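Colleague: Starting off with a structure, shown below.
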Amino acid sequence: MNYHKEYYYPLWLRIWHWLNALLFLSLIFTGINLQYASVTAPIIKFKNALLIHNASGIILTLNYLFFFTLNIITGNIKQYIPSVKNFLSKLIIQARFYLSGIFNKEDHPFETNKNQKFNPLQQITYLKIMYLALPLMIITGWALLFPEFLIKQIFGISGLTLTDIVHTVDGFLLSIFMFGHIYLATTGTTVASNFKAMLTGWHQTETHLNITGEVTNEK
Amino acid sequence: MNFILILSLIATLNVGGTKQLSPQNSNKELNEKCLKCHSLSTLGYRDESSGLIVNLSVNPKEFYKSNHKDLECVNCHSKDFQTFPHPEKLKQENLYCLDCHKDEKEFSKFHFKSIESDFQNSIHYKLLGSKFNCFSCHDPHSFRINARVNQRVSETVLYDNRICLQCHNNETSIYNLSGKYLPSLDEVHSWLPHRDLHWANVRCIDCHTIPTKAGVSHLILPKEQALQNCVKCHSTNSILLQSLYKFQSLQTRNKEGFINAVIFNNSYVIGATRNYYLNLLSFIIFGVVILALTFHAILRWRSNKTKVEDELS
């Protein structure tokens, strides 16, 4: 099998991605410290955890706005929008690959290129994460930062408590996503290749030579 | 005449009437004689030694809602007050709550002995001695127990904090009592995150006392010893469970944790508000994900190994 390199990830995207990753780690660590605060076994001081969590949340918001704006300006947003045609069957093909094909030396079912960087499963996951779960996290986070503006009661339960539950559950789901995301990043052509790609911008892609010797990404 | 009372109205009233107290009279009827004058909101006199105004006014509405609503005035005050003009010596009357409350069986659950020793160890008593007594905080003519009976914690917080603020948010009161000015509450609490939210949802005494045997701790600490360790409240074993939520949460917090007590009271405490089932579910999901990823990684590693061996052979 041959490989060639394509420039997938421009500088702005890499900066956003790694800053986002660092903020995720900071928010998860301090978030756990706040949610499971303990007198006997404090990981870091509650007050410091709160300060770091709030500061990280504010930077995350700015970073998200940076991503949101440049994603539109550069047209990168198209990567996130799945094509409706045969989408479900494409999802099943991709899932089947991760569940069995990957162990049977099969190639990735969908080749990627700089115009189509994500496979269908990545597309739908990233779309939900970036345009649903993360905005919800940011909105509920800001609401908890200014609880005096929250609705006092929703269906007889404190608006603050409900907001916190949504924030915590969403945070938990995003943490789970991060574990899955990091693990699946090791399924590139080599274990480290996707990590290198996100550092350098250059993605290593499998190349298939067709009968005429032309380089193609199609199978 | 040392009493500088508002006397103009009193002359018209039958305060020193001859009607005898009898069991069939309700306390309202009996108290009416006193309240004819003492319900005047401006009734008071200036104490010559301290120069301070002594308030002699009693709000009947508040009194008949208070814990002492069934009492007659003369149950606590000297019966000599039934004569008018009141004898001069009565100005020296020295009432002490625990004369009634300390040894009565029906009050044993309130642990008044503990309240008394807490109070004597409190910063108020240490700094001000006999200038500070029960009545400095608790107006016996309007006092109501709250924490024990009120289902709405927010009302208890409001009621109890008002007691502290009547002095601590009033420069003149503090100066009259202590002879000094204290820094503003805003200033000394500026370190506290979400300060106003804390003030609206926890009582001053939740941070400024340590829980004692008494239902409501009266051991007010010096400001340097006030609670500043967030985790003391913001954790599962929150000290609020021994203080503010003591009476509400005893029944509900065993298995479900803090969540029920706080949901019902519309409160939320980071670190303490945890849901047992959500916690359990999250640990299970997290465990399953980690196991699945590990299992997947092992299978990948094994298949790669086979692949390399196949290629070599």
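The values are calculated or read from the model by the stated rules, or taken from the named source; none is laboratory data. Note that the structure is predicted; figures quoted are calculated from it, not measured. Cβ atoms come from the backbone with ideal geometry, glycine included; neighbour counts cover every protein chain shown. To get the accessible areas, we keep the full protein, side chains included, count just its heavy atoms, and leave off ligands, DNA and RNA. Shrake-Rupley method; radii C 1.70, N 1.55, O 1.52, S 1.80 Å.
Colleague: Based on Cα coordinates alone, diagonalise the gyration tensor for segment A:78-167, multiply each eigenvalue by 5, take square roots, and list the semi-axes in whole Å, largest first.
Modeller: After scaling each eigenvalue by five and taking roots: 39, 14, 11 Å.
Colleague: Compute the distance in nm between two label points, each set 7 Å from the Cα along the Cα-to-Cβ direction, one at B:Asn55 and one at B:Asp196.
Modeller: Roughly 2.7 nm, to one decimal.
Colleague: Would you grab the residues whose amide H sits under 5 Å from the one on B:Leu219? Only those 5+ places off in sequence or on another chain, please, with H modelled 1.01 Å from N.
Modeller: Amide H to amide H, under 5 Å and 5 or more residues apart or across chains, B:Leu219 pairs with B:Ile210.
Colleague: Next question. Sort B:Val58, B:Val188 by heavy-atom solvent-accessible area, probe 1.4 angstrom, most to least.
Modeller: Most to least solvent-accessible, the answer reads B:Val188, B:Val58.
Colleague: Regarding chain A, what are the three Cα extents along the principal axes, ordered largest first, in Å?
Modeller: 68, 37, 36
Colleague: Hey, what angle do you get for helix A:134-145 against the long axis of chain A, alpha-carbon based, 0 to 90 degrees rounded to 10?
Modeller: It is inclined by approximately 10 degrees.
Colleague: If the viscosity is 0.890 mPa s and the temperature 25 °C, what translational diffusion coefficient in µm²/s does Stokes-Einstein give for segment B:101-228 when Rh comes from Kirkwood over Cα pairs?
Modeller: It comes out at roughly 156 µm²/s.
Colleague: Ordering A:Ser158, A:Ser26, B:Ser184 from largest to smallest accessible area (1.4 angstrom probe), what's the sequence?
Modeller: Listed by decreasing accessible area, they come as B:Ser184, A:Ser26, A:Ser158.
Colleague: If one computes the Cα centroid of segment B:75-149 and of segment A:1-39, what distance in Å separates the two points?
Modeller: Here the answer is 63 Å between Cα centres.
Colleague: A follow-up question, please. Please list the non-local residues whose amide H lies under 5 Å from the amide H of A:Ser158, H modeled 1.01 Å from N, same-chain partners needing a gap of 5 or more.
Modeller: So A:Ser158 has HN proximity to B:Asn266.
Colleague: Okay, helix-only estimate at 222 nm for chain A: each DSSP H run of n ≥ 4 adds -39500 (n - 2.57), divide by all residues, round to 500 deg cm²/dmol; what do you get?
Modeller: -18500 deg cm²/dmol
Colleague: Right, something else. Any idea what the relative contact order of chain A is, in percent, if you count C-alpha pairs under 8 Å spaced at least 6 apart?
Modeller: This gives 30 percent for chain A.
Colleague: With all protein chains present and a 1.4 Å probe, how do B:Arg195, B:Arg152, A:Arg96 order by accessible area, largest first?
Modeller: A:Arg96, B:Arg152, B:Arg195
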